[in-house]
Amino acid sequence: SQTIHQWPATLVQPVGSPLSLECTVEGTSNPNLYWYRQAAGRGLQLLFYSVGIGQISSEVPQNLSASRPQDRQFILSSKKLLLSDSGFYLCAWIRSETQYFGPGTRLLVL
Amino acid sequence: SQQGEEDPQALSIQEGENATMNCSYKTSINNLQWYRQNSGRGLVHLILIRSNEREKHSGRLRVTLDTSKKSSSLLITASRAADTASYFCARMDSNYQLIWGAGTKLIIKP
């Protein structure tokens, strides 16, 4: 069966510090992968999606970036975090038009 | 971006009652999906209804779709305390991207 992992689960970072969130998928090959951000009490905002290694599409301009160094690995990064980067970050993959989500990373930028 | 509108934003009912949540959208869809999110967790897919379908059932869940009104509803019958969660609709556009609503927060009182 397929499993999606995210880490860390929770992160508290100072403004201006770098960020690296990792997402890995098991049990499938060449998945389409997605990074979303969810502000408190809100819906999901698509940040990036990837259809394969090295292929990244960005949905919104921001100080975040994404990379896909391996087929089953999707990384969300920032060189300098802003207060507005706080939120709940979710990774997902898609099969048969349905998205399957990881447990999420809660990021608090202080 | 969020192009779906859900109402109500919050709903509180007694256990055993039925809960109805609505979702409206503005552009054409391939399908519309409903997801559930427990507090601080990832989203879980509930049901997918295609644009040529009008109603779909899964256990205590009933989803309807009215493409002429560009709206969908999710009915949870005989609610239980464990149904307490946030419920999101997401429409799949012609690029197979999911566009998310802001969600309905459902509280089931025991």
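Read-outs throughout are calculated quantities, based only on the coordinates presented, and are distinct from any laboratory measurement. Treat the numbers as computed from the prediction; the structure is a model and nothing was measured. As a convention, Cβ positions derive from the backbone with ideal geometry for all residues, glycine included, and neighbour counts pool all protein chains shown.
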Take the residues in the range A:59-110 that are surrounded by fewer than 17 Cβ atoms within 10 Å (Cβ to Cβ) and of a type in the set (Gly, Ala, Ser); name whichever of them is nearest to A:Leu21 (Cα to Cα). A:Ser77
Quick one: in the range B:31-44, which of the residues that are at the interface with chain A (Cβ under 9 Å from one of its Cβ atoms) and surrounded by fewer than 16 Cβ atoms within 10 Å (Cβ to Cβ) is nearest to A:Phe88 (Cα to Cα)? B:Gly40
Some residue of the range B:66-81 being in a strand (DSSP E or B) and under 17 Å from A:Arg42 (Cβ atoms): no
With the structure loaded, tell me whether B:Tyr96 is under 24 Å from A:Ala39 (Cα atoms), touching a residue at least 40 places away in the same chain (Cβ under 8 Å), part of a strand (DSSP E or B) and not hydrophobic (A, V, I, L, M, F, W, C) or whether it fails that test. no
